[in-house]
Amino acid sequence: MSSPTYSGLISAEEALEREKSAFILDKAILRAICEEGPLTLEDIRIRTLPLEAAIGVKIDLPTLQEIINKYIKQGLIWENK
Amino acid sequence: MARFFSRKDPSKNYLNKAIIGLGAGLVKSRKILNLSFGPQGAMDILSIWIGQELAKELLTQKKVKAGASEHELISKLLDEIRLAEDLTFEEVEGKSTITIQNCLVCPKRVGGYDLEGETACPVGGILMGALTYIKGESPSLPNINLKPGEYCRISMDITP
């Protein structure tokens, strides 16, 4: 079974405008998905590596998945199983 | 649930003012700095580093011990830095929610700056930086969700 992929339902610009106060990791995930989707969780992890280096704190897959799930529920992105 | 209070102390206002100036400066310069994730994104990164440095200093001054609990660290940070007059720390089903009332480092409410519809809140980043530093090497990033308002709610999943 292949990994699910994630795509944006709105543009990256709209998503970032809507989530202005969101934490930078949320914004980085939204931008990656809305600009470049469909992306797998692993693709998204690769795209957040520069942020991990910038903040010096590990970003793990469960954290990424939790943020993705939040934005699926909010209708900003969708999951293609 | 734990609730922490700290009082304004003008003689110790310098760090608060520095943080307010940083937030206001990020908002006002966001276009010329071309901040990819806006002033809040820049503040998130900078405040994590600030939080780590504050935690190091708390350890150096033996105000907290390595591996201190979240409660201890937050209490000590409020004593020393006075991020807010009133901070509530609530843990429900492994999720910790921090509610800030009367924040003392808000560029808008305390500094009086017009943030032009932006935010530049350092509290989540400072707490994250300090908590992850105290937890030890290679900490995982807690999930942070800021809901600005009269009372700012910051949800942080800091489950080990």
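The values are calculated or read from the model by the stated rules, or taken from the named source; none is laboratory data. Keep in mind that this is a model prediction, so the values were computed, not measured. Virtual Cβ from ideal backbone geometry, glycine too; neighbours counted across all protein chains shown.
Among the residues of region A:30-73, just one is among the β-branched types (Val, Ile, Thr), out of contact with any strand residue (DSSP E or B) (no Cβ under 8 Å at 6 or more places or on another chain) and away from chain B (no Cβ under 11 Å), namely A:ILE46. So which residues in region B:99-140 are modelled with pLDDT of 90 or more and aromatic (Phe, Trp, Tyr)? Passing the criteria: only B:TYR113.
Need at least 3 residues that are among the hydrophobic types (A, V, I, L, M, F, W, C) and in contact (Cβ under 8 Å) with a residue 40 or more places away in the chain per element, so show me which helices (runs of 4 or more DSSP H) inside region B:1-117 make the cut, counting only ones lying wholly within it. Step through it out loud before you land on a result.
Values: elements: B:14-28, B:30-33, B:38-60, B:70-80.
Counting at least 3 such residues, we get B:14-28, B:38-60, B:70-80.
The residue that is farthest from B:MET156 (Cα to Cα), among those in region B:28-45 that are small (Gly, Ala, Ser) and under 15 Å from the mean Cα position of the chain (by Cα), is B:ALA42.
Are any of the residues in region A:47-54 more than 30 Å from B:TYR133 (Cβ to Cβ) and part of a helix (DSSP H, G or I)? Within region A:47-54, none of the residues are more than 30 Å from B:TYR133 (Cβ to Cβ) and part of a helix (DSSP H, G or I).
Run down B:GLU85, B:GLU91, B:GLU72, B:GLU80 and say which single residue is in contact with a Cys (Cβ under 9 Å, 6 or more places away or on another chain), acidic (Asp, Glu), modelled with pLDDT of 75 or more and farther than 16 Å from B:ILE45 by Cα.
Details: B:GLU91 fails: in contact with a Cys (Cβ under 9 Å, 6 or more places away or on another chain); B:GLU72 fails: in contact with a Cys (Cβ under 9 Å, 6 or more places away or on another chain); B:GLU80 fails: in contact with a Cys (Cβ under 9 Å, 6 or more places away or on another chain).
Matching residue, one of B:GLU85, B:GLU91, B:GLU72, B:GLU80: B:GLU85.
Residues of region B:15-27 being surrounded by fewer than 21 Cβ atoms within 10 Å (Cβ to Cβ) and under 16 Å from the mean Cα position of the chain (by Cα), which ones? Those that are surrounded by fewer than 21 Cβ atoms within 10 Å (Cβ to Cβ) and under 16 Å from the mean Cα position of the chain (by Cα): B:LEU15, B:LYS17, B:ALA18, B:GLY21, B:LEU22, B:ALA24. Only one entry in B:GLU80, B:GLU90, B:GLU72 is over 15 Å from B:PRO122 (Cα atoms) and buried (at least 16 other Cβ atoms within 10 Å of the Cβ), namely B:GLU80.
Listed here are the residues, each with its yes/no results for (1) among the hydroxyl-bearing types (Ser, Thr, Tyr); (2) at pLDDT 90 or above.
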{"residue": "B:SER6", "(1), (2)": "yes, no"}
{"residue": "B:PRO10", "(1), (2)": "no, no"}
{"residue": "B:ASN13", "(1), (2)": "no, no"}
{"residue": "B:ILE20", "(1), (2)": "no, yes"}
{"residue": "B:LEU26", "(1), (2)": "no, yes"}
{"residue": "B:GLY41", "(1), (2)": "no, yes"}
{"residue": "B:SER47", "(1), (2)": "yes, yes"}
{"residue": "B:ILE50", "(1), (2)": "no, yes"}
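Can you give me the number of residues within region A:15-30 that are in a helix (DSSP H, G or I) and either closer than 14 Å to B:LEU35 by Cα or among the acidic types (Asp, Glu) (or both)? If you could, list the steps in order and put the result at the bottom.
Pass one, region A:15-30, residues in a helix (DSSP H, G or I): A:15-18, A:24-30.
Narrowing the set further to residues that are either closer than 14 Å to B:LEU35 by Cα or among the acidic types (Asp, Glu) (or both) leaves A:16-17, A:24, A:26-28.
Of the residues in region A:15-30, 6 are in a helix (DSSP H, G or I) and either closer than 14 Å to B:LEU35 by Cα or among the acidic types (Asp, Glu) (or both).
Only one residue in A:ILE24, A:ILE72, A:ILE46, A:ILE68 is surrounded by 20 or more Cβ atoms within 10 Å (Cβ to Cβ) and modelled with pLDDT of 95 or more, so which one is that? Walk me through how you get there before you give the answer.
Details: A:ILE24 fails: modelled with pLDDT of 95 or more; A:ILE72 fails: surrounded by 20 or more Cβ atoms within 10 Å (Cβ to Cβ); A:ILE46 fails: surrounded by 20 or more Cβ atoms within 10 Å (Cβ to Cβ).
Exactly one of A:ILE24, A:ILE72, A:ILE46, A:ILE68 is surrounded by 20 or more Cβ atoms within 10 Å (Cβ to Cβ) and modelled with pLDDT of 95 or more, namely A:ILE68.
Has region B:106-114 got at least one residue that is of a type in the set (Val, Ile, Thr), at negative phi and within 14 Å of chain A (Cβ to nearest Cβ)?
no
If I filter region A:64-79 for residues that are in a loop (DSSP other than H, G, I, E, B) and either in contact with a helix residue (DSSP H, G or I) (Cβ under 6 Å, 6 or more places away or on another chain) or within 26 Å of B:LYS135 (Cα to Cα) (or both), do I get at least one hit? Scanning region A:64-79, I find at least one residue that is in a loop (DSSP other than H, G, I, E, B) and either in contact with a helix residue (DSSP H, G or I) (Cβ under 6 Å, 6 or more places away or on another chain) or within 26 Å of B:LYS135 (Cα to Cα) (or both), so the answer is yes.
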